[in-house]
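Novice: Next up is a structure, given as structure tokens.
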Amino acid sequence: MKTLSRIFHRVLFATALFANLPSSHAEADSTTSSSAGDLFIGGCGGVYFLAEPGELTVEVMKRDRNRRDTRTELRAILAGPDRQVLQDVTIPDDGRPRGSGMGPVQRCRLSARVERKGVYVLNITVSQDRYGEHAVWGFRSNCSKYLVETARGHKDARHEEPIVLASPERPRDVCFMPRRGAFDIKVTGLAKGAAAPQVFDMKGAVVAALRLGEKGEASHSFAASKQRDAVPWRLHFESAQATIAIDGITRWEEGDLQRDMACWTPDPKAWFPFPENRWLLTPYSRTVYGQPGERKEIAFQVRNDATRERTIQLALEFPGKDWRARLSVERVKLGGRKATTITVGCETPPAGETRVCHVRATPLDDSGFSTFSTLTVKAGEAPATKPLAMPLVLKPYQHENEQFGHVADHPAENQVYFDLQNQPFVRTGGGVAMVRDGQWIVSSAGNHTGAVCSKVAFDRDNHLYALATVAGNAALVYSNDGGKTFATCTIPPRTGRSQAFDMEEFTGHNVSDGPPPILRYTRTVKDPKVFWRSLNDLELFLPKKEGGRLVMGEPILISEKCIGLAAHSGIPASVVSRGSKVHVIWGEATDPKAPGPGVPAFVATYDRETGRLGKPALVGCGAPPNDIHNSPSITMDSQGFLHALAGTHGRPFPYARSLKPNDAGGGWTEAAPMVENLNQTYIGMVCGPDDTLHATFRLWQTGVDPFPASHYATLAYQRKRPGQPWEAPRILIVPPFSEYSVFYHRLTMDRKGRLFLSYDYWSTYWFYRNDHFGKRRALLMSPDGGDTWQLAQTKDLR
């Protein structure tokens, strides 16, 4: 049961919350109304409002289901068209014990003065309830145009967002834009004795009545039709208790126009064409710094997500006195699903001053849609150019640019690597990006059709290597002239099975004499009962230079029990080499009936001169067992000693060091946790010039600020100086939301020993991720071995 102390805490929290709001915020405004106001829904997500000038009011309601003993605190964020956060309010847990049934209605009121028309957003999350199963919520608003987007946290399964109605005492509607292709509607959880739901078109004509089943379910299949007139359609319930699945709306297939976006409204009159205008103009805001009088050209993207050609009118609006800013173009015509870049040209204001303007985008059609982005130009040096006060605390809709004025002037698609002359290289979808004549360019890296992994490697001759798909096969693409031209060496194919690849990259003291060793992971068995368990053949390729070209050679089998490779975060180093010795690390699957304490991490040495593979050495076990997340990592120091971390999934990383240099078979220190009681996942590790080990990873925090009601994931850093124990971890990035996060982090190092940490914050919440077009990847740099960190620009990559 919920303890009295926790209940007392919630009462105090609620009192403090509403005491800090104007009195009008404590209760619903009698003028706030919409037909959504008496409807409670499950799941998380939010609402988009197309607001006209005037006062916008939104009342949010919440009821706890009290099915378990956890704190379900609802967080409601109201943000403007430029995603400036206007209010951030919490409705506390109701304090009732588990099993007490649906709790009372709690409310909070948010409001904003709308100066100019645009799309406002209400973001709803619930602590310890990313799927929205333990509380229901609803809203009222005086805005007549709005769409709900049901959007929970992610699951490791096909993405679906069933719409949950939780107001059985009244009739309600779910209005949606039907797919043109064939689709099904399936409803479960109907109230006992409920009438069959019906589907109406916008004119009120009956399209279909769902067929009732015997267990509170109903369904109907709709044939494909190129003409879906009189839309949106309206799914009507006499009793609004249901869980609704609609193909194209709550579950998707390839070709659906708005994949992963469950947009609907309970009122057909509230519908507005948000889906085709979701990313009409991005970014939503941009903050730029410069020297007084410096000319700036700031880029924005105009995007047409409709299937038809449209013309978009653009204009600048000034909240105060006009200042010298101009658009590169005032009107663009875009085909369906097309985008283009426009710019705003301006001068940086005098020292100490700030200039603001709004870029408005309006489709020239009868939709009535219009919104804007905000440009802020400040005189001076951006805070991003200086060492940051760590941790960097991301806030909702306020990341590196909004807080620090950071605008990357380098490719940020992946992590950065450095050749022997310390020139930067980045793997991109189009090839390999590099600096030439002071400008970033992208070399196509041969006739490749995609990257197999994001790593870039260099040998002692400073030849460049990357893994790519060429003519449908994995291949090593390489350049002997700094990336001007590329040749291809195909990896002998092994078809019909799922595969992953890795190769050696620079981690501090490993410069290969020739092409990098390559690892291939081929799945042979997928365990149907243990979700994260599979068996993989791990094979080693050792390509050679022969007569001015590369020869891949035959694979060397390392293990038939490899658990696989998890490399989207951390990009752990699976192989290091020195001279003729190649050292491979991997995790193995174990018998589910006797799995042991974790995924065993093995290291084996292959000698190129003798052609012998040494006996695998067990260096540690990473908990839990049979979990592919637990990919280990290896590096070596200046003396050749090997350093290994066994991978874990929310547990401390075990660390071990070889007893002999450049030899995995000469014994290892006993594995010991980096620090006890850490919830670590996804290793990134390098070794500095002074043999200091540097590691980055995801680190979980529970019950502490800024999310004391729940848990949250951070991006953390830890180091081990030679002869010293691992230092306590330091948190580098704090997320804007609680619950699950991942950072897709990748730690690399240049030839000077400077650290570069590329990361891309990813929230579990689909609503937040859907709102942002593209990725959020940024690059931190530490010039002093992890003491200080700053956001990197091209000038820092030299």
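The values are calculated or read from the model by the stated rules, or taken from the named source; none is laboratory data. A quick note: this is a predicted structure, and the numbers were derived from the prediction, not measured. Neighbour counts run over all protein chains shown; Cβ positions are idealised from the backbone, glycine included. SASA here: full protein model, heavy atoms, side chains in, ligands and nucleic acids out. Shrake-Rupley method; radii C 1.70, N 1.55, O 1.52, S 1.80 Å.
Novice: Looking at P708, P725 in this structure, which one is without any contact (Cβ under 8 Å) to a residue 40 or more places away in the chain, over 30 Å from T70 (Cα atoms) and not in a strand (DSSP E or B)?
Specialist: It is P725.
Novice: Against the conditions (1) open to solvent by less than 10 Å² (accessible area, probe 1.4 Å); (2) in contact with a Ser or Thr (Cβ under 6 Å, 6 or more places away or on another chain); (3) in contact (Cβ under 8 Å) with a residue 60 or more places away in the chain, where does A713 fall short? Just the number, please.
Specialist: The one condition A713 does not meet is (3).
Novice: Further question on the same structure: Do you know which of the residues in region 636-666 that are of a type in the set (G, A, S) and either without any contact (Cβ under 8 Å) to a residue 12 or more places away in the chain or in a strand (DSSP E or B) (or both) is farthest from N510 (Cα to Cα)?
Specialist: Restricting to residues being of a type in the set (G, A, S) and either without any contact (Cβ under 8 Å) to a residue 12 or more places away in the chain or in a strand (DSSP E or B) (or both), the top hit is G650.
Novice: Still on this structure, please answer the following. Looking only at strands (runs of 3 or more DSSP E) that fall completely inside region 405-463, which ones have 2 or more residues that are open to solvent by less than 10 Å² (accessible area, probe 1.4 Å) and either of a type in the set (V, I, T) or out of contact with any helix residue (DSSP H, G or I) (no Cβ under 6 Å at 6 or more places or on another chain) (or both)?
Specialist: Qualifying strands (runs of 3 or more DSSP E): 416-418, 424-428, 431-436, 450-458.
Novice: For region 273-327, which positions are more than 27 Å from V121 (Cβ to Cβ) and over 32 Å from the mean Cα position of the chain (by Cα)?
Specialist: Q291, P292, G293, E294, R295, K321, D322, W323, R324, R326
Novice: Here's another thing I want to ask about it. How about region 782-798: which of its residues are open to solvent by 10 Å² or more (accessible area, probe 1.4 Å), at pLDDT 95 or above, farther than 21 Å from P572 by Cβ and not in a helix (DSSP H, G or I)?
Specialist: The answer is P783, D784, D787, T788, Q790, Q793.
Novice: Restricting to region 464-486, give me the number of residues that are crowded, with 21+ Cβ neighbours inside 10 Å and part of a loop (DSSP other than H, G, I, E, B).
Specialist: So the answer is 2.
Novice: Out of Q241, Q313, report the one residue that is over 30 Å from P349 (Cα atoms), open to solvent by 20 Å² or more (accessible area, probe 1.4 Å) and touching a residue at least 12 places away in the same chain (Cβ under 8 Å).
Specialist: The conditions single out Q241.
Novice: Say we look at region 649-663 and pick out the residues that are open to solvent by less than 10 Å² (accessible area, probe 1.4 Å) and out of contact with any Pro (no Cβ under 8 Å at 6 or more places or on another chain); which of these is nearest to R721 (Cα to Cα)?
Specialist: Filtering first and then ranking leaves A656.
Novice: Related question: What is the one condition in (1) open to solvent by 40 Å² or more (accessible area, probe 1.4 Å); (2) more than 29 Å from the chain's Cα centre (by Cα) that G667 does not satisfy?
Specialist: Looking at each condition in turn, G667 falls short on (1).
Conditions tested, residue by residue: (1) open to solvent by 40 Å² or more (accessible area, probe 1.4 Å); (2) at pLDDT 95 or above; (3) under 22 Å from R251 (Cβ atoms).
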site	(1), (2), (3)
C143	no, yes, no
L165	no, yes, yes
V187	no, yes, yes
K192	yes, no, no
F237	no, yes, yes
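Novice: A further question on this structure: Which residues, taken from region 126-152, are among the polar types (S, T, N, Q) and in contact with a helix residue (DSSP H, G or I) (Cβ under 8 Å, 6 or more places away or on another chain)?
Specialist: Correct list: S144 only.
Novice: Being touching a residue at least 60 places away in the same chain (Cβ under 8 Å) and touching a Lys or Arg at 6+ places or on another chain (Cβ under 7 Å) is the filter here; which residues of region 571-588 pass it?
Specialist: I571, V582
Novice: Given (1) in contact with a Cys (Cβ under 8 Å, 6 or more places away or on another chain); (2) in a strand (DSSP E or B), identify the lone condition not met by W323.
Specialist: Just one mismatch for W323, condition (2).
Novice: Now, a different point. Under 9 Å by Cβ, and 6 or more places apart or on different chains, what pairs join a residue from region 395-406 that is touching a residue at least 12 places away in the same chain (Cβ under 8 Å) and within 18 Å of A713 (Cβ to Cβ) with one that is of a type in the set (D, E, K, R) and open to solvent by less than 20 Å² (accessible area, probe 1.4 Å)?
Specialist: Filtered contacts from region 395-406: P396/R83.
Novice: Going through region 588-603 one residue at a time, which ones are crowded, with 21+ Cβ neighbours inside 10 Å and either farther than 30 Å from N677 by Cβ or touching a Gly at 6+ places or on another chain (Cβ under 6 Å) (or both)?
Specialist: Within region 588-603, G598, V599, A601 qualify.
Novice: Now for a different question. Output yes when any residue across region 318-328 is open to solvent by less than 60 Å² (accessible area, probe 1.4 Å), touching a residue at least 40 places away in the same chain (Cβ under 8 Å) and not aromatic (F, W, Y), and no when none is.
Specialist: Within region 318-328, one or more residues are open to solvent by less than 60 Å² (accessible area, probe 1.4 Å), touching a residue at least 40 places away in the same chain (Cβ under 8 Å) and not aromatic (F, W, Y).
Novice: For region 345-383, what are the residues that are part of a loop (DSSP other than H, G, I, E, B), under 33 Å from the mean Cα position of the chain (by Cα) and surrounded by fewer than 18 Cβ atoms within 10 Å (Cβ to Cβ)?
Specialist: Result: S367, G368, G380, E381.
Novice: Yes or no: region 25-40 includes at least one residue that is in a strand (DSSP E or B), at pLDDT 95 or above, closer than 30 Å to I244 by Cβ and hydrophobic (A, V, I, L, M, F, W, C).
Specialist: Within region 25-40, none of the residues are in a strand (DSSP E or B), at pLDDT 95 or above, closer than 30 Å to I244 by Cβ and hydrophobic (A, V, I, L, M, F, W, C).
Novice: Among the numbered criteria (1) in contact with an Asp or Glu (Cβ under 9 Å, 6 or more places away or on another chain); (2) buried (at least 24 other Cβ atoms within 10 Å of the Cβ); (3) among the acidic types (D, E), which single criterion is violated by D637?
Specialist: Condition not satisfied by D637: (2).
Novice: Among the residues that make up region 510-521, is at least one of them crowded, with 24+ Cβ neighbours inside 10 Å, out of contact with any Asp or Glu (no Cβ under 9 Å at 6 or more places or on another chain) and assigned to a loop (DSSP other than H, G, I, E, B)?
Specialist: no
Novice: Next question. Applying the selection to region 145-161, what residues are assigned to a strand (DSSP E or B) and buried (at least 16 other Cβ atoms within 10 Å of the Cβ)?
Specialist: Within region 145-161, Y146, L147, V148, E149, T150, G153 meet the criteria.
Novice: Applying the selection to region 214-241, what residues are of a type in the set (A, V, I, L, M, F, W, C) and at negative phi?
Specialist: Selection gives A218, F222, A223, A224, V231, W233, L235, F237, A240.
Novice: Any chance region 114-126 includes a residue that's more than 28 Å from the chain's Cα centre (by Cα) and not in a loop (DSSP other than H, G, I, E, B)?
Specialist: yes
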